[in-house]
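One structure is given here, and the rest of the page talks about it.
The values are calculated or read from the model by the stated rules, or taken from the named source; none is laboratory data. No experiment lies behind these values; they were computed from the predicted model shown. Reconstructed Cβ throughout: ideal geometry from the backbone, glycine too, with neighbour counts over all protein chains shown. Ligands, DNA and RNA are stripped out before the accessible areas are found, and what is left, the full protein with its side chains, is counted by its heavy atoms. Shrake-Rupley method; radii C 1.70, N 1.55, O 1.52, S 1.80 Å.
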Amino acid sequence: MGKTLLQKVWDLHKVRTLPTGQTQLFIGLHLIHEVTTPQAFDALRQRGWKVARPDRTFATVDHIVPTRQRQRQRPFIDVLAEDMIASLERNTSDFGVPLYDIGDERQGIVHVIGPELGLTQPGMTIACGDSHTSTHGAFGAVAFGIGTSQVRDVLASQCIALEPLKVRRIRVTGQLPRGVYAKDVILTIIQRLGIGGGNGYAYEYAGDAIERMSMDERMTICNMSIEGGARVGYVNPDETTFQYMAGRPFAPQGEAFGRAKAWWRSIASDRDASYEDEVEIRAAELTPVVTWGVNPGQSIGVKDRVPGASGANAQVSDALAYMGLTAGQPIAGMKIDVAFIGSCTNGRLSDLQEAARIVRGHHVASGVKALVVPGSVSVQKAAEREGLDATFREAGFEWRDAGCSMCLGMNPDKLEGNQVCAASSNRNFKGRQGSPTGRTLLMSPAMVAAAAITGVVTDVRELVDEVPAGVR
Ligand code: SF4
């Protein structure tokens, strides 16, 4: 019987089975940032411990960094944010960990820079104190988000105790229709399987639609695995993966790259691997998706009406009340106040290129605040070389510096009052974007761009005729 990628990588990194039944797993790459590390480093300091593998630990700043140039001057106005970044600077300096700080060309959202720099590689185990670490699974890595106490454990021992995971294969087959993107695929998967459907599972994404996707698109899919309850999401490495890896600063170079490729190929799931269960999603049935509620599973097609017309459960009623929606109301046409393009889900160059294509020749609707926040300095520079910043500015968008921005309310980019935000990020929880009554509608960057232009939730296929068919 063959093995899945998860089993192979797990077995290769297993140190031992603990008395609890958990696996002590060696971590190949530990990515850290300013929010979940201060207490972890304090714990090491109190015990006189060192970081076990500073050579396998990399730090960046993303969650709390302001995205307006003038607000990035130090010290930050926000004392708490200043404390966090100063702690990370002190800790990385004291413990010998590389830091990509503000002003560094390599700074950006942790899940954007890991792949960009070639730190993320197939067959690795990767941990980071952020839920969306599953992003790195796009490369055939086993990557999971961890809490602060586990960050401490990994810093101290380069190991972590984990429950074994079952594997569900999700095959996305056929051609995606015009105007349907990777974001629509993963929102549909979460909607169909439920936000807890992946509990105890790793999701293996397969099928010809996934195989045709670029690495950026695969990252969007894997990024939101956690929103479906799966601890890990991954795609088997293939030629698309290897082409992306080639020449990245931390990727193997020259002959070593050839050897690495052979090994990366070998860790892909075997043809006769068995899965706990399998699900098929037919790409041709998908439409652009918008969330209407307060978790990423509460979504519908842009042409659909919000649920709850009769016999709605308390969760649905509560979500509708919070969102200010009426049961049976079409989601298209819902007024927005803010449009946010960015985050580790959809803040990469191809996302910005696609959004720019939609906004070109249009202008942001009156009364809408629209911002584009590149996921990293590298994305920002590449976009600026292509003139995308000018395209967005001419259309009335604000062009910002790299960071998590409006994905969460930990920096100056926040919703106010009960503003409605069309967002390309990953969470629409109550208060997620910084205002306790703020409302978030998740969608693809192209759909955010369309909403920014019209001022209401809009089917991007109606706004722009030339939205391409299938995977971009
Ligand atoms: S963009 Fe959002 S989800 Fe991604 S790392 Fe930042 S805060 Fe976390």
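Here are the numbers:
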quantity	calculated
Eligible lysines near residue 303 by straight Cα distance, threshold 18 Å, same-chain separation 8 or greater	183, 335
Accessible surface of the stretch 12-51, 1.4 Å probe, proportion on carbon and sulfur as whole %	52 percent
Accessible surface of residue 398 - all protein chains present, 1.4 Å probe, nearest 10 Å²	60 Å²
Cut-off 11 Å between beta-carbons: net charge of the residues surrounding residue 449, Lys and Arg +1, Asp and Glu -1	0
Proximal aspartates and glutamates to residue 381, defined as alpha-carbon separation beneath 16 angstrom and excluding residues fewer than eight positions away on the same chain	104, 105, 116, 351, 389, 398, 401
Rounded accessible area of residue 159 (nearest 10 Å², 1.4 Å probe)	10 Å²
Relative contact order, percent, the stretch 335-472 [alpha-carbon distance under 8 Å, six or more residues apart]	31 percent
Gain upon complete extension [residue 239, residue 322; 0.36 nm per residue less C-alpha separation]	25.4 nm
Accessible area of the stretch 319-472 belonging to carbon and sulfur atoms, whole % at 1.4 Å probe	50 percent
Estimated Rh, the stretch 344-472: Kirkwood, alpha-carbon pairs, angstrom	14.7 Å
Nearest-0.05 FRET efficiency for residue 393 and residue 175, computed from C-beta distance (R0 51 Å)	0.90
Among beta bridges that DSSP assigns inside the chain, antiparallel share in %, nearest 5	25 percent
Pairwise centroid distance, computed over Cα atoms, of the stretch 7-55 with the stretch 321-353, Å	36 Å
Protein accessible area in the stretch 84-196, 1.4 Å probe - carbon and sulfur %	45 percent
All aspartates and glutamates inside 12 Å of residue 50 as judged from Cα atoms, apart from same-chain residues fewer than 8 positions distant	42, 94, 153
Taking only Cα atoms of the chain, radius of gyration then Dmax in Å	21.3, 64
Å² of accessible area per residue within the chain, as computed with a 1.4 Å probe and no ligands counted	36 Å²
Length-normalised contact order for the chain - Cα pairs under 8 Å, 6+ apart - percent	18 percent
Efficiency of FRET between residue 255 and residue 416 - r from beta-carbon atoms, R0 60 angstrom, step 0.05	0.60
Helical mean residue ellipticity (222 nm; -39500 (n - 2.57) per DSSP H run of 4+; nearest 500) of the chain	-9000 deg cm²/dmol
